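Here's the structure we're looking at; comments come further down.
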Amino acid sequence: MHEQEKLQIMSATINNVKSMLQKRMNSRIELVNTLLNSPLDSALPESVKEMREREAEKLRAVIQEQKDLLELIEVLFPGNG
């Protein structure tokens, strides 16, 4: 396999990984927004609201890790995507 073919395969793989991470991150962002912006919030017991906030905090941490990973991929492999 020639070097150019290897680079093309690596680039395609990196782009697929970035795309997958971006989709998962967007899905989690949507979930956080749903947890925190429910029109039924005022009717929920305080304990449920607190539990939803804790879950949203966990999701925010995962989202930040995914953002950091995407940035790291961009630094290691600039120009892909």
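Figures for the structure shown
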read-out	value
Test for Ile9: is it in a helix (DSSP H, G or I), within 18 Å of Leu76 (Cα to Cα) and at pLDDT below 90	yes
Residue match in region 25-46 (condition: of a type in the set (Asp, Glu) and surrounded by 12 or more Cβ atoms within 10 Å (Cβ to Cβ))	yes
Checking Pro39 against (1) over 26 Å from Glu74 (Cβ atoms); (2) in a helix (DSSP H, G or I), the condition it does not meet	(2)
Residues satisfying the stated conditions in region 60-81, i.e. assigned to a helix (DSSP H, G or I) and among the hydrophobic types (A, V, I, L, M, F, W, C)	Ala61, Val62, Ile63, Leu69, Leu70, Leu72, Ile73, Val75, Leu76
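The values are calculated or read from the model by the stated rules, or taken from the named source; none is laboratory data. All figures in this text were calculated on a predicted structure; none of them were measured in a lab. All Cβ positions, even for glycine, are placed from backbone atoms using ideal geometry, and neighbour counts span all protein chains on display.
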